[in-house]
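Following: one structure in structure tokens, then a few remarks.
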Amino acid sequence: MSNAHTPDTEICLVLCDYGQLGLAYLETDPSKASREETISDIISGQICWTVRQIVAFNTSERWANDITEDVANVIYTRAIRKGLSISDTARDLLAVYGLSLNDYMTAAE
């Protein structure tokens, strides 16, 4: 299996807000918990709850980082460069960091 999780792989966990049910990290198959997979899932709407935080970690290298803002910036850049249609979840995440595709589209017109 080419996407198999190995101890030296970066894993991303997404903390979502389930409203009255509270906050919880999404249950994710380790082979599908890469940064790229997480970004794709947010853009496509596969992750449909409000994203509060995205944490990347690598236990082999002994590090963990909050990559939420980095992911928001990647989504914003891709949406503009590729003209992507993004999910409401992605739009909400961009808004947390003051990013809006509406502003870009208005300026580009």
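The values are calculated or read from the model by the stated rules, or taken from the named source; none is laboratory data. Quick caveat: nothing in here was measured; it's all calculated off a predicted structure. For neighbour counting, all protein chains shown are included, and Cβ atoms are generated from backbone atoms with ideal geometry for every residue, glycine included.
Numerical summary
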| item | result |
| --- | --- |
| Helices (runs of 4 or more DSSP H) wholly inside the chain that include at least 1 residues being of a type in the set (V, I, T) and modelled with pLDDT of 95 or more | 35-44, 68-82, 88-96 |
| Residues of the stretch 8-56 satisfying the condition of being more than 17 Å from Y97 (Cβ to Cβ) and among the acidic types (D, E) | D8, E10, E27, D29, E36, E37, D41 |
| Condition broken by D70, with the remaining ones in (1) charged (D, E, K, R); (2) under 13 Å from L93 (Cα atoms); (3) over 15 Å from the mean Cα position of the chain (by Cα) satisfied | (3) |
| Given (1) in contact with a helix residue (DSSP H, G or I) (Cβ under 9 Å, 6 or more places away or on another chain); (2) crowded, with 17+ Cβ neighbours inside 10 Å, index of the condition I80 fails | (2) |
| Subset tally (residues that are in contact with a Cys (Cβ under 8 Å, 6 or more places away or on another chain), among the hydroxyl-bearing types (S, T, Y) and more than 14 Å from D92 (Cβ to Cβ)) for the stretch 29-67 | 2 |
| Test: residue in the stretch 42-57 that is among the small types (G, A, S), within 10 Å of the chain's Cα centre (by Cα) and surrounded by fewer than 17 Cβ atoms within 10 Å (Cβ to Cβ) | no |
